[in-house]
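Just passing along the structure, written as C-alpha cells.
Taken together, the values in this text are just the output of simple stated rules run on the coordinates, not laboratory data. Here the structure is a predicted model, which means the values were calculated and not measured. Every residue, glycine as well, gets a Cβ built from its backbone with ideal geometry; the counts of neighbours run over all protein chains shown.
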Amino acid sequence: MLNQVLDQADPGSAHPLKLDEHIECLDRYHRIFGAGRDPPPTVDPRKDQLAALKAVSEGPEGRFPYADFAVFGPFQSRRIKSVKLRGCKFGANGELIPLEMLGPHDLETWLECYAVWETAMLMLGLIDMGPFKRYRELIEKYHRFFGPEVWTLLYQTDTRAR
C-alpha cells in the first residue's frame, strides 16, 4: 500500500488510521491554525496518507517520512496516473537524452503536493512549520533564479534532499 500512497519504492504497508488518531491529528491542526478551522480540501491529507506517514515514522527503522510526489498529493486518486515530468539526462558520451519520469511536471504542481505533505506532517506532529516554510521558499527561489527550463533537475535534487 505504501507504494501507492507514499513512495513508489516502498513495498511496506500501513494499518488504517483509527478514529481517535484522526481526531488527534485534527486537534493538532486546530491548535496551530485555530479552533474549527479544518484544512482546505486542496491541502487536506486523506486518512490513508496520514496512516502511511505515521507507519513510516513509527516503524522499526523510525525514519523521517519521505513522500514521492508522483503518488502523494492532493486528489491523489485522480492524478496518480497522469503525473509525468519531461526532461533530459546526460548519456555516456555527454549527449543529452530525452527523459520522462513520474513526478510533478512544474513548480505549481509540486507546491500543491508539498502543501498536502506539509499539512499531514504538521497534523502528525512530525515537524514544525518553520523548516517547511524555509524549504518551500528555497525551492521557489531556485525556480525563480534558474527558470522553469531546469525544473526536472530541480525536482530530482528535491527528491534526494527531502
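On a 0 to 90° scale, report how tilted helix 151-161 is relative to the longest principal axis of the chain, with both axes built from alpha carbons and the result rounded to the nearest 10.
50 degrees
For the chain, with the dipole built from +1 on Lys and Arg beta-carbon atoms and -1 on Asp and Glu ones, taken about the Cα centre, which of 130, 15, 57 lies farthest toward the positive end?
My answer, from the dipole projection, is 130.
Figure the gain on full extension for residue 3 and residue 95 (residue separation times 0.36 nm, minus the Cα-Cα span) and round it to one decimal in nm. If you can, show how the numbers build up before the last one.
On the way: separation 92, 0.36 × 92 = 33.12 nm, distance 3.28 nm.
Length difference between fully extended and current span is 29.8 nm.
Sticking with this one: What's the magnitude of the charge dipole for the chain around its Cα centre, counting Lys and Arg as +1 and Asp and Glu as -1 at the beta-carbon? Answer in Debye, nearest 20. Intermediate values should be presented prior to the final figure.
Numbers: 21 positive and 23 negative charges, 37 e Å.
That gives the chain a dipole magnitude of about 180 debye.
Same structure, new question: Projected onto the charge dipole of the chain (+1 at Lys/Arg Cβ, -1 at Asp/Glu Cβ, origin at the Cα centre), which of 66, 151, 117 gives the Cα projection farthest towards the positive end?
Result: 151, furthest along the dipole toward the positive end.
On to the next question. Angle between the Cα long axis of helix 107-123 and the longest principal axis of the chain, 0 to 90 degrees, nearest 10?
30 degrees
Still on this structure, please answer the following. Just want to confirm a number: the relative contact order over the chain, from Cα pairs under 8 angstrom separated by 6+ residues, in percent.
23 percent
Now, a different point. Per DSSP helix of 4 or more residues, -39500 (n - 2.57); summed, then divided by the residues of the chain. What does that give at 222 nm, rounded to the nearest 500?
Working: 7 runs with 81 residues, N = 162.
Here the helix-only value at 222 nm equals -15500 deg cm²/dmol.
Let me ask you something else. Would you work out if the chain is rounded, prolate or oblate? Take a ≥ b ≥ c from the square roots of the eigenvalues of the alpha-carbon gyration tensor; rounded if a/c is under 1.5, else prolate when a/b is larger than b/c, oblate otherwise.
Values: a/c = 2.16, a/b = 1.63, b/c = 1.32.
Cα axes put the chain in the prolate bin.
Just to confirm the number: angle between the C-alpha axis of helix 19-33 and the first principal axis of the chain, 0 to 90 degrees, nearest 10?
For 19-33 against the chain, the angle is about 70 degrees.
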